Every structure is written in structure tokens, then in C-alpha cells.
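Asks: Pasting a structure here, questions to come.
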Amino acid sequence: MVAFLGPTALMVLFGVQWALLAAAGGNNLKSPHNVEVSIIDDSFILKWNRSNESVKNVTFSADYQISGMDNWIKLPGCQYITSTKCSFSSANLKVYQEIKLRVRAEKGNSTSPWYEVDPFIPFLKAQIGPPEVHLEAEDKAIVITISSPGTEDSVMWAMDKSKFIYSLVFWKNSSGVEKRIEPVYSRDKIYKLSPETTYCLKVKARLRLQRKVGLYSPVYCINTTVENKLPPPENVEVDVENQNYVLKWDYSYENTTFQVQWLQIFFP
């Protein structure tokens, strides 16, 4: 016996079928693609491309899994977001522990299949960011102070702050001819410059043992001061007695004041 359904019954049947398909992902939501993890210092970024440009109101969520564990954990900062990247720096992941990520698209009750990222160890994947640089000008020199990459409480480089090796490129702004100096200490000085001249430089850090080379800092420029016509002090020496240090020098001009600076140097 063949039963014929009326228009109303057909609409109900199709509605039920559509709901079942949607619940099973039947709206053909596709997984994100070109998924990448970017780590610079302690900044963790997950980014991807949409696979359904024509589908509106799509959100994305990501999970992570620690090596040796079966359960997936929701990735903080990466839940139900509308953009195609998210920061998961707040997850406080252990930088030497292997982890795996996955991300999917969502719309209503429908979800795409998960896209899984290959397992990685954050420290091995991380890139060294640009250091901060402070400059002080003299007449024929520039004093450089370099702050190590990352924040003061950086977890990524906590074991390596004292191991950073710095190099810089500097040039006279009017010529653009670059000169490279390596190594550069965290507080150092460039000598034999011209007075009243603009010099520019950029600095990057590296870790020799890990073979990691960092990103260059922004370009910093400074003008050297007017040439000092006074002669330098002579016979400069340091006397040490019972851990007391006395700096002495000779000078032929009277009614002259002096300024003393110190420079901390570490031997590589």
C-alpha cells in the first residue's frame, strides 16, 4: 500500500530531516584551513583561514591537549570568537611540554570537523622578539642600554635572560652606509663618532646554543652633542683597598667639574 502525504506533512518531514542533518553537521560547515601557531616571546597566537566565506555568523573555538593525556581542554581566549585568530597567552602552558591544538567552525548547533595542529613544544617553536633599546648621546659616542626580549617576568626566556647575545647595525643618517657590531653588551658604547650628527641603529638578540636568532628592534635615532673642547682627564686609575674603590685622575684646568660613568661588561 502506498501512502501519499499532503503538503503540510511533507513540510514537517523535511523540517525534521533538516534538523537532524544540522545537528549532525549537515549544513556542510568546513574546517578552518591554513592553521598556524605563532609564538614570539610570551605571546601565543593561533590563526587560520575561513573555509566558508559565504556562510555568515560563524564562530570558532579551539582546544588543547597535553602530551600523555587523552582529554582535550578548552583553550582560553579562543572560544566562540568571530575573528580568524586568537591569543592563548593566558593559558600559562609549560614551555618545555609538548602540546597539540585543534580548532573548528560553529554555527548554531552545527560544527565542522576539528582541524588538528601537529604537536609542538612552545620553547622550540618560539621566536625571540625585538629587545628594547635606550640611547644616550655624547659628543663622539652613543651609550646603549638594551633590555632583554620579553617582559620582566617572562616565562619563555626565564632560563636564558643572561645568555642573550646582542648585535646591532648602525649608520650615519645622512649616508645610510651600515656597520655591524657583535657582540654588544646590555650596556655598551659606540665610539669614534662625529659630533652634532644623527645616527640610527637597530638591535637583535640571539641564543647561540639554541640557534635562535631574534627579530630586529625598531630603528632608534639620536643626535650626538656639540664637540667637547676640553681635554680628557689623564692618568686615570682605580685604587682598591678593603673592597673600597677610589677613582683618581689628573687634570690641568682649575674650576672644572667632572662626570663619571660606569659600564658593566660580561665576558662571553
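Asks: Could you look through region 201-219, keep only residues that are open to solvent by 70 Å² or more (accessible area, probe 1.4 Å) and over 17 Å from the mean Cα position of the chain (by Cα), and pick out the one that is nearest to residue 143 (Cα to Cα)?
Replies: 208
Asks: Then there's this: Could you check region 220-250 and list, in sequence order, the residues that are under 29 Å from residue 162 (Cα atoms), open to solvent by 70 Å² or more (accessible area, probe 1.4 Å) and in contact with a Ser or Thr (Cβ under 8 Å, 6 or more places away or on another chain)?
Replies: Selection gives 221 alone.
Asks: In the list 86, 78, which residue meets the criterion of being touching a residue at least 12 places away in the same chain (Cβ under 8 Å) and in contact with an Asp or Glu (Cβ under 9 Å, 6 or more places away or on another chain)?
Replies: 78
Asks: Just the residues that are closer than 30 Å to residue 56 by Cβ, open to solvent by less than 50 Å² (accessible area, probe 1.4 Å) and part of a loop (DSSP other than H, G, I, E, B), please, taken from region 94-119.
Replies: Scanning region 94-119 gives 112, 117.
Asks: Between 204, 189, which is within 30 Å of residue 124 (Cα to Cα) and either among the acidic types (Asp, Glu) or at pLDDT 90 or above (or both)?
Replies: 204
Yes or no, residue by residue, for (1) within 27 Å of residue 227 (Cβ to Cβ); (2) open to solvent by 10 Å² or more (accessible area, probe 1.4 Å); (3) of a type in the set (Phe, Trp, Tyr):
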{"position": "125", "(1), (2), (3)": "no, yes, no"}
{"position": "129", "(1), (2), (3)": "no, no, no"}
{"position": "133", "(1), (2), (3)": "yes, yes, no"}
{"position": "149", "(1), (2), (3)": "no, no, no"}
{"position": "156", "(1), (2), (3)": "no, no, no"}
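Asks: Look through region 162-186, keep the residues that are farther than 15 Å from residue 214 by Cβ and part of a loop (DSSP other than H, G, I, E, B), and return whichever of them is nearest to the chain's Cα centre (by Cα).
Replies: Among those residues, the one meeting the criterion is 185.
Asks: Give the number of residues within region 120-161 that are assigned to a loop (DSSP other than H, G, I, E, B), over 30 Å from residue 193 (Cβ atoms) and within 12 Å of the chain's Cα centre (by Cα).
Replies: Summing the residues that are assigned to a loop (DSSP other than H, G, I, E, B), over 30 Å from residue 193 (Cβ atoms) and within 12 Å of the chain's Cα centre (by Cα) in region 120-161 gives 6.
Asks: Let me ask you something else. Can you confirm whether residue 51 is of a type in the set (S, T, N, Q), touching a strand residue (DSSP E or B) at 6+ places or on another chain (Cβ under 9 Å) and either at pLDDT 90 or above or open to solvent by less than 70 Å² (accessible area, probe 1.4 Å) (or both)?
Replies: The answer is yes for residue 51.
The values are calculated or read from the model by the stated rules, or taken from the named source; none is laboratory data. Model, not experiment: these values are computed from the prediction. Heads up, the Cβs are rebuilt from the backbone with ideal geometry, glycines too, and the neighbour counts pull from every protein chain shown. Heavy atoms of the whole protein, side chains included, go into the accessibility calculation; ligands, DNA and RNA do not. Shrake-Rupley method; radii C 1.70, N 1.55, O 1.52, S 1.80 Å.
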